[in-house]
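Contents: one structure, followed by commentary.
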Amino acid sequence: RARVLSGIQPTADSFHLGNYLGAVRNWVTMQDTHDAFYCVVDLHAITAGHDPAQLRTRTRVAAAQLFAAGLDPERCTLFVQSQVPEHPQLAWVLGCLTGFGEASRMTQFKDKSAKQGAERASVGLFTYPVLQAADILLYQADAVPVGEDQRQHLELTRNLAQRFNATFGETFTVPEAFIPQETAKIVDLQDPTAKMSKSASTLNGLIDLLDDPARAAKKIRSAVTDTGREIVFDREAKPGIANLLTIYSALSGRSLDDLTAAYDGKGYGDLKKDLGEVVVEFLRPLQERTRGYLDDPAQLDKLLAIGAEKAGAVAAATLRTAYDRVGFLPPS
Ligand code: TYM
């Protein structure tokens, strides 16, 4: 079986619909087709200042949401990044193979550091993509299911794997990004030119998986749509409607053709009302299952400990090989 690894940051009180449709939904499917490793990347979550108690809570909520979304500890390995110390250990080595200019060209770094200001942006923010490469290469992942915004980080990961292999001998699998185009970029409900994101300017633009379902339906109903009246799938001319159709199709399993045929002659209001109900039906059971996991934090921590142990065994073996190739002495 091919190996898959992906990660998600616990930087908000809940994941949003973009995270789910762009990534997590595919993680769930891939646990049946791949040897699957998924990681709550708490080390990545401290690059811009954080509150320790809040981080702990958010890490558990993140894990609970992932289990609730369908990750099954019997069929995949879900773990918390900081519980597998090999991640920052390999990141150091990869950092020494990364050019300063190369890292400076990462657009997420450029955007975030521009927002924070050069003096306030941390070195951790700068080396963030190197740690991400370590996450992936430690597991010899063949495929990495992510949204469109991670493409450049994946390209860097591939370059680092090839560079390490060329310098020190064949060691790492060169991973492929797995970015299904339909849901690769869910956009903001209030601003279809921006991706749905935790740092969105308006809360109404984003649906959290833990949003009150009635409120989520209201956000759908008040989503910005385009001029005109016809319900057709056209990302260029009608990005707002295209986004709603994308969400509708992904949550209901109905094809875009089926949906546009069904809404032929109907108005935007009909589409939004129906999609609101689909979203409610999706959120309710998901939230109930999430609460179930959070009601028993000891059990949740136990599942994560099992995940960390399974992940750690793979990571340790890869790191040992990499350290040996680099020329470090064997562990004493
Ligand atoms: P993060 O935590 O920002 O997002 C998690 C996943 O959600 C996807 N995503 C979206 N997909 C579609 N539409 C959107 N609006 C949208 N917003 C977010 C992201 O593309 C991502 O797949 N750097 C990564 C975390 C990471 C990682 C890794 C990923 C760390 N190590 C190793 C893969 C492999 C990040 O910040 O994702």
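So here's what we get for this one:
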| item | result |
| --- | --- |
| Identity of the residue in the stretch 157-171, away from the ligand (no atom under 11 Å from the Cβ), without any contact (Cβ under 8 Å) to a residue 60 or more places away in the chain and crowded, with 17+ Cβ neighbours inside 10 Å, that ends up nearest to Ser249 (Cα to Cα) | Arg158 |
| Test: residue in the stretch 123-141 that is within 13 Å of the ligand (Cβ to nearest atom), open to solvent by less than 60 Å² (accessible area, probe 1.4 Å), closer than 17 Å to Gly95 by Cβ and of a type in the set (Phe, Trp, Tyr) | yes |
| Among the candidates Arg60, Arg75, residue that is over 11 Å from the mean Cα position of the chain (by Cα) and part of a loop (DSSP other than H, G, I, E, B) | Arg75 |
| Yes/no for Val28 being within 14 Å of the ligand (Cβ to nearest atom) and either open to solvent by 30 Å² or more (accessible area, probe 1.4 Å) or modelled with pLDDT of 95 or more (or both) | yes |
| Among the residues listed as Ala118, Ala177, the single one being modelled with pLDDT under 95 and either more than 9 Å from the ligand (Cβ to nearest atom) or of a type in the set (A, V, I, L, M, F, W, C) (or both) | Ala118 |
| Matching residues in the stretch 172-189 - criterion: being open to solvent by less than 60 Å² (accessible area, probe 1.4 Å), under 29 Å from Tyr248 (Cβ atoms) and assigned to a loop (DSSP other than H, G, I, E, B) | Ile179, Pro180, Ala184, Ile186, Asp188, Leu189 |
| Residue check, Tyr248 touching a helix residue (DSSP H, G or I) at 6+ places or on another chain (Cβ under 7 Å), crowded, with 18+ Cβ neighbours inside 10 Å and closer than 30 Å to Glu86 by Cα | no |
| Check on Ser14, assigned to a helix (DSSP H, G or I), away from the ligand (no atom under 11 Å from the Cβ) and either of a type in the set (Ser, Thr, Tyr) or touching a residue at least 40 places away in the same chain (Cβ under 8 Å) (or both) | no |
| Any hit, the stretch 33-45, residues being over 21 Å from Ala308 (Cβ atoms) and either open to solvent by 40 Å² or more (accessible area, probe 1.4 Å) or modelled with pLDDT under 95 (or both) | yes |
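The values are calculated or read from the model by the stated rules, or taken from the named source; none is laboratory data. The structure presented is a predicted model; accordingly, all values stated were derived computationally and were not measured. Reconstructed Cβ throughout: ideal geometry from the backbone, glycine too, with neighbour counts over all protein chains shown. In case anyone asks, the SASA skips ligands and DNA or RNA and just uses the protein heavy atoms, side chains included. Shrake-Rupley method; radii C 1.70, N 1.55, O 1.52, S 1.80 Å.
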